[in-house]
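Step one of this worksheet: look at the structure below.
The values are calculated or read from the model by the stated rules, or taken from the named source; none is laboratory data. As the structure is a computational prediction, the values presented were derived from the model and not from experiment. Heads up, the Cβs are rebuilt from the backbone with ideal geometry, glycines too, and the neighbour counts pull from every protein chain shown. With ligands, DNA and RNA removed, areas are computed over all heavy atoms of the protein, side chains included. Shrake-Rupley method; radii C 1.70, N 1.55, O 1.52, S 1.80 Å.
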Amino acid sequence: MYELVSLVNLRAKEKERCVASQAGKSEGNVRTQDPEGTRQNIIEVATEEFALNGLSGARIDEIAARTRASKRMIYYYFNDKEGLYLAVLENAYRLVREGESKLDVDGLPPLDALKQLVEFTFDHHHKHEDFIRMVMIENIHHADYIERSKVIRQLNGTAIKTIEALYERGVDEGTFRPGLDPLELHWQISALCFFNVSNRASFTKLFGRDLGTAEAQDSLRRQAVDMVLRHVVRSEKLPQS
C-alpha cells in the first residue's frame, strides 16, 4: 500500500514538473514573440506600484511578481528602477496627449472646441488617478525626471501648440478675448481638472461631503467648463444658460 501511494505521489510530482516546464516554455515564448506586449505589461503594473508607493517605496520584486516578466527581464528592458519610473512617467503623459489628439479640435467652432478640451481633460484625470499621483510624485522630485525626458517635453509641446492654434482661431473669429497666454490657459485648465483628483480625499474628509459621487463630479465638471469659458470667451459670445 505504501509503495502504491509513493508511486502515485511520484507520478503527481512528475506531472507538476512537466506542467511547470511547459508553462516556463510558454512564458518564454510569450516574451520572445511579444516583447512589446511584455514591456507594456511591465509598465502598466509598475504604474500602479509607483503611484501607490512612490519612486523610493516601489519594489521591483513586487512588480515582477505581478507581471509575466522576471526581475532580470525588467532590468533588461529598463536598466534600473529609475529607468522604469521614467518609462512609466512617459507613458502616462503619452496617454493623455494621445487622447487629446483624437479630439476634433480643428473641425469645431473655437468655443465648442475649447469646451470639448476642458471636458476631456476633466474626464481623463478622473479616470486615470494614477496619472495624477505620478505627477504629484514627480513634483516631489522637483520634476528632475521630466527634465531628463525629451519625450515628455515633446509631448507637452504639442499640447501647447494645440491650445495656441485653437485660441488664435477664436481671437480671429472674435469669439475669444485677446491678450491671453496659451500656456497660462493650459495651466488653468490643468489646475481645475488636476485638483479634482489630487485634493478630493482631503476635501471630503475636511468638510464631510463626498465630492467623488457621480452627482458631485457632474457638477464640478460643468463648473470647470463654465469657469474656463467665462475667462476666455467674450461675454457677448457666451452661450446663454
All but one of (1) in contact (Cβ under 8 Å) with a residue 12 or more places away in the chain; (2) within 22 Å of the chain's Cα centre (by Cα); (3) open to solvent by less than 80 Å² (accessible area, probe 1.4 Å) hold for D104, so report the exception by its number. (3)
Pairs returned, first residue in region 62-76 that is buried (at least 16 other Cβ atoms within 10 Å of the Cβ), second residue that is in a loop (DSSP other than H, G, I, E, B) and of a type outside the set (D, E), beta-carbon separation under 7 angstrom, 6 or more apart or interchain, are A64/S70
Restricting attention to region 218-233, which residues are surrounded by 15 or more Cβ atoms within 10 Å (Cβ to Cβ), assigned to a helix (DSSP H, G or I) and in contact with a helix residue (DSSP H, G or I) (Cβ under 7 Å, 6 or more places away or on another chain)? L220, R221, A224, V225, V228, L229, V232
Could you check region 107-140 and list, in sequence order, the residues that are within 10 Å of the chain's Cα centre (by Cα) and of a type in the set (A, V, I, L, M)? I132, M134, V135
Please name all residue pairs, on different chains or six or more residues apart, with Cβ atoms under 7 Å, provided the first residue is in region 215-241 and is in contact (Cβ under 8 Å) with a residue 40 or more places away in the chain and the second residue is open to solvent by 80 Å² or more (accessible area, probe 1.4 Å) and not charged (D, E, K, R). V228/Q188; H231/Q188
Tally of residues being open to solvent by less than 40 Å² (accessible area, probe 1.4 Å), in a helix (DSSP H, G or I) and either over 21 Å from S56 (Cα atoms) or not hydrophobic (A, V, I, L, M, F, W, C) (or both) across region 121-155: 8
Take the residues of region 163-173 that are hydrophobic (A, V, I, L, M, F, W, C) and over 21 Å from the mean Cα position of the chain (by Cα): which is least open to solvent (accessible area, probe 1.4 Å)? L166
Please enumerate the residues belonging to region 184-202 that are more than 14 Å from A159 (Cα to Cα), hydroxyl-bearing (S, T, Y) and surrounded by 14 or more Cβ atoms within 10 Å (Cβ to Cβ). S198
Taking F176 and the conditions (1) open to solvent by 30 Å² or more (accessible area, probe 1.4 Å); (2) touching a Gly at 6+ places or on another chain (Cβ under 7 Å), which numbered condition does it fall short on, given that it satisfies the others? (1)
Taking region 80-99 and the residues there that are out of contact with any helix residue (DSSP H, G or I) (no Cβ under 8 Å at 6 or more places or on another chain) and modelled with pLDDT of 95 or more, the one that is least open to solvent (accessible area, probe 1.4 Å) would be G83
